[in-house]
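As structure tokens, the structure follows; a few thoughts come after it.
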Amino acid sequence: MRKLLFVVVIAVLAGGWAWSGAPSGRAAPDARATPRQEEAPRGSSKKRATRRPIHASTCPDGLTGCRSVRGRVLFVESVDPDGDGDLHVVVSGGDGITGPGITSVDVAPGLRPRRDPRIGDQFSAAGQVQRGSLGQSQIHAVEVHLRRR
């Protein structure tokens, strides 16, 4: 086990050194040699600049044990192994109900968005925290919002 740990540490250090800008033998260009024109950042557009964050899902009054989450989609399980038609989404951000910084959301068939979310989409959900089939804490959604990238 110690040998494996040693090899991993050496590999990480070597990779960090290689990407850190270690001398490569090439001369760096002189920044004063060519004047720079002001350009818009690559991939920017007015549409992205004016895009608002996704609407936060809220817990209905009187629903005990209700929590909400808002963040980016990390994982999507569109076809559930038990065949009941629900959607499972893992979201980053928030307090992290399932694990540190991540929350699993169970979306009932009647609440499924028209199109399933994709990795990187913005997603928010609110609902009761219950145990999943593997014993994990997850939100059983009563409200869901999705915004594509």
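Would you please give the residues with an amide H less than 5 Å from that of F75, counting only those at least 5 places away or on a separate chain, with H modeled from the backbone geometry?
Here the answer is V90, since their amide H atoms fall under 5 Å of that of F75.
Could you go through the stretch 61-75 in sequence order and give the Karplus-derived ³J(HN,Hα) for each residue, using 6.51 cos²θ - 1.76 cosθ + 1.60 with θ = phi - 60°, rounded to whole Hz, and x for Gly and Pro?
My calculation for the stretch 61-75 gives 4, x, 8, 6, x, 8, 9, 10, 9, 9, x, 8, 6, 9, 7 Hz in order.
Kindly identify the stretch 53-147 as rounded, prolate or oblate by the Cα gyration tensor criterion: order the square roots of the eigenvalues as a ≥ b ≥ c, call it rounded if a/c is under 1.5, otherwise compare a/b with b/c, prolate if a/b is larger, else oblate.
rounded
Let me have the relative contact order for the stretch 53-147, percent, based on Cα pairs under 8 Å that are six or more residues apart.
Dividing the mean separation by the residue count of the stretch 53-147 yields 33 percent.
Just how far, in whole angstrom, is the stretch 105-121 from the stretch 61-80 if you go by their alpha carbon centroids?
10 Å
Using a basic spin-label model with each label point 7 Å from the Cα along Cα→Cβ, how many nm lie between S133 and R148?
The answer from the label model is 2.9 nm.
State, to one decimal in nm, how far the label point of D80 lies from the label point of S92, with both points 7 Å from Cα in the Cβ direction.
Simple spin-label model gives 2.6 nm for this pair.
Read-outs: derived from the displayed coordinates by stated rules, not from any lab. Worth saying up front: this structure is predicted, and the values here are computed from it rather than measured. Note that we place each Cβ from the backbone using ideal geometry, even for glycine, and neighbour counts take in every protein chain shown.
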